[in-house]
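Notes follow the structure.
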Amino acid sequence: MPPSAPFRVVVSTLSQLDLDPRALCADVGLDPRLLDDDRPDLDLTQVGRVLARAEAVSGDRALGLHLAERASGRGLLAYVARAQPTVGDALQALERLAGAVWGPGAGVRIDRRGTLAVVRFRLGRALPRHLVEFVVARTVIGLRAGGAPACEVWFRHAPGGRRAEYERVLRCAPRFRQSETRIALSADALARPLATANPQVAAWVASALEQQRTPATTLGARLADAIDRALARGRAVSREGMARALGMSGRTLARRLRLEQRDFHDVLTEVRRALADRLVVDTALPLEAVAARVGFADCSAFGKAFRRWFGTTPSAHRRAAQRRWH
């Protein structure tokens, strides 16, 4: 699989949970051939749709954690990290190369804070929760395999499943609704040698990754970002207005989205759905304010859309999330 296809690796790993990745793609209107190795990687909105469908089919609220447990670590970034001489070298490789593999705006920063080494993730608010938890849990599992267990894990989002399941997978008590997503481990562990070290090959693969050009963001992802920014500013969202923001006509936007098997309404709905879920679960905003922030004129219209998306009311969804936190 090409190094520029980390999201396809995640979706393909669904088969390890007795789920059919191709059937899930078809269920959400994506061509299953997107999973073939000769295709460009899935974008964030596409992988988000597939993971949401996988959760609906399996009922697994901790899907990202369970994918991380079963992933084979076959990606080139994982290989480069494992092949470094020490744990510290592996984290430095992750810091240097993560952005080239994960895409524009993503990355990792490694800091020393007294007796701790802190791995800070920059993953973007648009990244689906399951994908964030996959990336963090895979990093924790890899560090533990190298003899450097995490002593602390922070997530910006609220917990999606039971806390006990997070603790089982991560082997430490995570904290949610924090200012950043991060892992902390003992700074002493940075000097621990890795049994899987192969510095010569690691250097060659790292060089190839550094020279690799990250594929251009898809139009669907660019449109989703533009819609999110417009909603954040309280602006009305229309196809023509978003097309102008992206430097094209409405007809050109529609035509180019069709080439990605998308349409404007689908992207708008995905952004609104994700934003509604985040604001209802992760904030104490009154529902009237949430409705306005998501772009609805009144609570009644918002409530109908929310029930269509989640099968429950916003207030019931918030209460259920609060019960999971305690």
If you check Ala137 against the conditions, is it closer than 18 Å to Val10 by Cβ, in a helix (DSSP H, G or I), of a type outside the set (Val, Ile, Thr) and within 14 Å of the chain's Cα centre (by Cα)?
yes
So, in the stretch 28-52, exactly how many residues are at pLDDT 85 or above, in contact with a helix residue (DSSP H, G or I) (Cβ under 6 Å, 6 or more places away or on another chain) and over 19 Å from Phe264 (Cα atoms)?
2
How do the pairs read when you match residues in the stretch 284-310 that are farther than 13 Å from Arg273 by Cβ and free of Cβ contacts under 8 Å to residues at least 24 places away in the same chain with residues anywhere that are in a helix (DSSP H, G or I) and of a type in the set (Lys, Arg), using Cβ under 8 Å and keeping only pairs 6 or more apart or on different chains?
Leu285/Arg293
Count of residues meeting criterion [more than 18 Å from the chain's Cα centre (by Cα) and either at pLDDT below 90 or of a type in the set (D, E, K, R) (or both)] in the stretch 176-195:
3
Qualifying residue in the stretch 236-258 (condition: part of a helix (DSSP H, G or I), of a type in the set (A, V, I, L, M, F, W, C), in the same structural domain as Glu95 (by TED's automatic domain parsing) and touching a Phe, Trp or Tyr at 6+ places or on another chain (Cβ under 7 Å))
no
I'd like to know if the stretch 133-151 contains one or more residues that are more than 20 Å from Leu77 (Cα to Cα), crowded, with 16+ Cβ neighbours inside 10 Å and in contact (Cβ under 8 Å) with a residue 60 or more places away in the chain.
no
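Yes/no matrix, rows are residues, columns are (1) farther than 21 Å from Leu63 by Cβ; (2) out of contact with any strand residue (DSSP E or B) (no Cβ under 8 Å at 6 or more places or on another chain); (3) assigned by TED's automatic domain parsing to the domain that holds Gln46:
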{"site": "His130", "(1), (2), (3)": "no, yes, yes"}
{"site": "Val136", "(1), (2), (3)": "no, no, yes"}
{"site": "Gly146", "(1), (2), (3)": "yes, yes, yes"}
{"site": "Arg162", "(1), (2), (3)": "no, yes, yes"}
{"site": "Leu170", "(1), (2), (3)": "no, no, yes"}
{"site": "Arg175", "(1), (2), (3)": "no, no, yes"}
Here are Ala292, Ala316: which of them is closer than 26 Å to Val50 by Cα, outside the structural domain of Glu165 (by TED's automatic domain parsing) and either part of a helix (DSSP H, G or I) or modelled with pLDDT of 90 or more (or both)?
Ala316
Could you check the stretch 273-288 and list, in sequence order, the residues that are farther than 18 Å from Val47 by Cβ and out of contact with any Ser or Thr (no Cβ under 9 Å at 6 or more places or on another chain)?
Ala276, Leu279, Val281, Asp282, Thr283, Ala284, Leu285, Pro286, Glu288
Hey, any hits in the stretch 233-245 for a residue that's under 26 Å from Arg318 (Cβ atoms) and either at pLDDT below 85 or touching a Pro at 6+ places or on another chain (Cβ under 6 Å) (or both)?
yes
Unmet requirement for Arg273, which otherwise passes all of (1) farther than 24 Å from Phe155 by Cβ; (2) part of a helix (DSSP H, G or I)
(1)
Starting from the stretch 230-258, take each residue that is surrounded by 12 or more Cβ atoms within 10 Å (Cβ to Cβ) and list its partners that are of a type in the set (S, T, N, Q) and in a helix (DSSP H, G or I), counting only C-beta distances under 8 angstrom and pairs at least six apart or across chains.
Ala243/Thr252
Please note which helices (runs of 4 or more DSSP H) are completely contained in the stretch 142-232 and include at least 1 residues that are closer than 30 Å to Ser249 by Cα.
219-232
Does the stretch 159-178 include one or more residues that are surrounded by 17 or more Cβ atoms within 10 Å (Cβ to Cβ), of a type in the set (A, V, I, L, M) and touching a Gly at 6+ places or on another chain (Cβ under 8 Å)?
no
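The values are calculated or read from the model by the stated rules, or taken from the named source; none is laboratory data. It should be emphasised that the depicted structure is a prediction, and the values quoted were computed from it without experimental measurement. So basically every Cβ, Gly included, is an ideal-geometry build from the backbone, and we count neighbours across all protein chains shown.
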